[in-house]
Structure formats: C-alpha cells, structure tokens
Amino acid sequence: MCVDRRNFLRLSTGVAGAALLDAADAVAQNTPDAIRQLRPLPGKVAPVTDDERSARIEKARRLMAENNIDAIYLESGSSLFYYTGVRWGQSERMFALVIPARGELAWVCPKFEEMRARELIRFGADIRTWEEDESPYKLIAQIFKDRGVRTGRIGMEERVRFFLFDGIRNEARNLEYVSADPVTAGCRMIKSPTEIALMQRANDITIAAFRAAASTLKEGMTQYEFGANVSAAFRALGSSGSALIGFGKYTAFPHGSVQPQQLREGDVVLMDGGCGVEGYQSDITRTFVFGKPTVRQTEIWNLERKAQDAALAAAKVGATCESVDAAARKVITDAGFGPDYKVPGLPHRTGHGIGLDGHEWTNFVRGNKTRLQPGMCFSDEPMIAIYGEFGVRLEDCLYITDDGPKMFTKQSISIDQPFG
C-alpha cells in the first residue's frame, strides 16, 4: 500500500516528525553554500580486521574462564557485530550465536534465511537452522549439550530480549543463567588502536558538519530547519549523522523539547549529536549564542567549561569513574548551583562510555568505582540547566592513554568560538 510519507510521519511520530521531513525537503531544494561546499574527509578508513575479531573471541573465552561462565548467548546487536562483524535485523525469529568457553562457535538461524546468513558468517561453520513450525530453543539447548555444558552457567548478553531468554531457560532448566557483562563489557570497554582511529574519524566528521551547519543559522529558523541543515552537512561529508537542537530557554532541556521554536537574536543555541564510522560512534555538544552573548550567558558558559576541564583533569589512569563526576560537579555546586542533581545545576551524570553504542559501559557517575584503564572511552559533558532561562552543555569525547586522557576533538574556546 502506498501512503503519503508526510501523513505517515504525522500518524507515527506526530507533527514534529512531519515538520522535520518538511525541513529536510526544503534543505534538499535549497542547500546552503556552506553545506554544498563540503566534501568527504580525505584518507581511507581502516576497518576492524578478522584477525582482531578472532582475538576478541579468544579474550571472551579467557574472561569466561575467569568468571566461571561456560558459554555466552548473543542475538543481533552491537556485541554480535563486535565479535563477528555480522549485522542482522531483529524480529520475532531467533537469529543467535553461542560462544562457548571451549569448542566451536555455533549459530542458530531460520532455515529460509540460511543462505543469506552463510554470506555473512565468517567465524564458525556450525550453523543450525529451524523451520517455521520448529523450536529454536531446542537447538540452543542441544548446542549447550554438544559443547559439554550439561550443568553450569550461561551468560546472557544484556540486550537479549526476554522472550528469547525465557524460551531458552524453559528448554534447558538444568543450567544457571547469569549476566554476560563480565565478558562482553570486559572486552568492549577497552578499545584497540583501530577502534580509536574509527572513533576519531567519526568525531572529525561531526565537528566539520556542526561547524558548517552553524554558519547557516538565521533569525526565524525553526529547530527542525536547523536540524535538517545539520543532517544535510553530514550527508555532504558522506555520513548519516544528526543532532538534537534547542533554542533559547529550551536549551535547558538536556535532550531537547517537543515545543516549536524559532531562533531569535540573543538566543542560546545547543546542538548535540554525532555519526558512526564502521559502527563506531561520536557524540558532541556545542552551545553558543546567536548574536552577542550577555554577561549572564558568558558567565554560565565559562563555568560550564571550567567543569568540563575539571572532569578532564580528573580522568587519570587508576582514578575511579565516580571521582571524575565529583570533580565536575564540585565546580558547579561551589558556584551555588545544585547540589546533587537539583536544577538549576547539573541534572545528569558527567559522562558515559561510548564505542559501538552511543551510550555503553561505563559511566562517570556517583557510585561507580570502576578504575580508568588505557583504551576506555567516555563523553565529558557536565551541564548547567536553568529552566526558564537557558542551559549550557559542552560535550567532547575522550580516550584514556598511559599518559592520561586525550580528547578526540578540540574543546570550545569560548562562547563565541564554539569550534576550537
């Protein structure tokens, strides 16, 4: 059935989705020069190799042994891609991988999808299929038996949907089911040089897109029109990124507002977004003023930058994640905001892990005593939210090296120099 895409968006996502589509159409018809002149960044991207993925599987097995886990179960998602390079859409039909602590990997796939699966699978030749009237859970239970796991512990990856877990548990009741986080997070939290390079590329693209899009701001522009310009800039750079946009008092909403907004002289502008390169994500926020900033806006912006700097300085090898959050939060509370998560003040954690997922293990947040190690990657994004007035968030991502934290991007210099 053919339906009008604008009406479909209104029905499925509301007026905001249709407005964003209208804005994208307008940009496509009249692309600003600053965006039209963009070209993909020079240089080639080096993807993750099969050798590196094989090493990841072996590390997973070492972590299974250390944590007394006999096998882990994964369905489609970032962890499956991390270990195998396989991307597969989710549906009610099981497509899954079992990585045993010992023995060959085993896949379970709908029979009618077998040929497509074989095109994608490069690790493990044991591919078991099930017809539409058969149970995939019996196949999983048999895989456990075939790998010698008749009693023991099975790690379930955190994104596994409950109905799949429940079906497996009911079919193999003799086993204990635990979180696979010690294995999957234990691998994915520490990025390799290849992963760092891919994230660097994603961040470079994002800054270029943000800088070009920011030059297109004009009075009366809606947040949807500006968001469409950001997306167009990403496309011109060969990517498919996007950004959340806020103007004026709505910049105090950490993840934007559904209210219609039109840009006015003197408004604070907040743009928060990123893109992916070979699956690896960027996440950047820039806050500045359209026109001349007031003394109040400048003071709050400078305080925010001081808090971001404090978090960066605290992010040393061996420091706890919670100490990074505490360092940024102290700057803001010492200035009279908060305390804790109270607004006006910093309403959320100081940063999150980032990699194949925009938000992944682990976080700069109170109570997290995980110690920083080389290869960990985080956002550094304290925020000062003042409802009814404006908000300021500066976000750059960093990675931990033996010599301390390194930013993927140059921090904003000042409220009127947001792109370094």
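The values are calculated or read from the model by the stated rules, or taken from the named source; none is laboratory data. These figures come from a predicted structure and were not determined experimentally. Glycine gets a Cβ as well: all are built from the backbone with ideal geometry, and neighbour counts include every protein chain shown.
For the reader, a short list of remarks on this structure follows.
- Just one residue in the set Arg161, Arg201, Arg122, Arg116 is surrounded by fewer than 18 Cβ atoms within 10 Å (Cβ to Cβ) and under 18 Å from Asp357 (Cβ atoms); that residue is Arg161.
- Flag if Phe390 is surrounded by 24 or more Cβ atoms within 10 Å (Cβ to Cβ), within 22 Å of Glu158 (Cα to Cα) and touching a Gly at 6+ places or on another chain (Cβ under 8 Å): no
- Among residues that are under 14 Å from Glu395 (Cβ atoms) and not aliphatic (A, V, I, L, M), Thr294 is not included.
- Scanning region 310-330 for residues that are farther than 15 Å from Arg366 by Cα and buried (at least 17 other Cβ atoms within 10 Å of the Cβ) yields Ala310, Leu312.
- Residue within region 241-255 that is under 19 Å from Asn30 (Cα atoms) and at pLDDT 95 or above present: yes
- Hey, Lys342 at pLDDT 95 or above and under 15 Å from Ala319 (Cβ atoms) or not: no
- Test: Gly420 is small (Gly, Ala, Ser), assigned by TED's automatic domain parsing to the domain that holds Ala208 and assigned to a loop (DSSP other than H, G, I, E, B): no
- Scanning region 279-289 for residues that are part of a loop (DSSP other than H, G, I, E, B) and over 17 Å from Leu244 (Cα atoms) yields a total of 1.
- Any hit, region 363-377, residues being out of contact with any Pro (no Cβ under 9 Å at 6 or more places or on another chain), closer than 26 Å to Gln261 by Cβ and part of a strand (DSSP E or B): no
- For region 165-176, the set of residues classified as out of contact with any helix residue (DSSP H, G or I) (no Cβ under 6 Å at 6 or more places or on another chain) and either in contact (Cβ under 8 Å) with a residue 24 or more places away in the chain or not basic (Lys, Arg) (or both) consists of Phe165, Asp166, Asn170, Asn174, Leu175, Glu176, listed by residue number.
- Output for region 195-210, where each listed residue is over 14 Å from the mean Cα position of the chain (by Cα) and closer than 15 Å to Leu244 by Cα: Ile207, Ala209, Phe210
- Subset of region 89-112 that is surrounded by fewer than 17 Cβ atoms within 10 Å (Cβ to Cβ) and in contact with a strand residue (DSSP E or B) (Cβ under 8 Å, 6 or more places away or on another chain) - its residue that is nearest to Asp51 (Cα to Cα): Glu104
- Any hit, region 263-276, residues being within 22 Å of Ile205 (Cα to Cα), at pLDDT 95 or above, outside the structural domain of Ser79 (by TED's automatic domain parsing) and among the charged types (D, E, K, R): yes
- Single match in Ala310, Ala326 (criterion: in a helix (DSSP H, G or I), touching a helix residue (DSSP H, G or I) at 6+ places or on another chain (Cβ under 7 Å) and assigned by TED's automatic domain parsing to the domain that holds Gly375): Ala310
- Total residues in region 333-370, condition surrounded by 18 or more Cβ atoms within 10 Å (Cβ to Cβ) and either over 20 Å from Cys397 (Cα atoms) or free of Cβ contacts under 8 Å to residues at least 24 places away in the same chain (or both): 4
- Those residues of region 372-402 which are more than 21 Å from the chain's Cα centre (by Cα) and of a type in the set (Gly, Ala, Ser), in sequence order: Ala385, Gly388, Gly391
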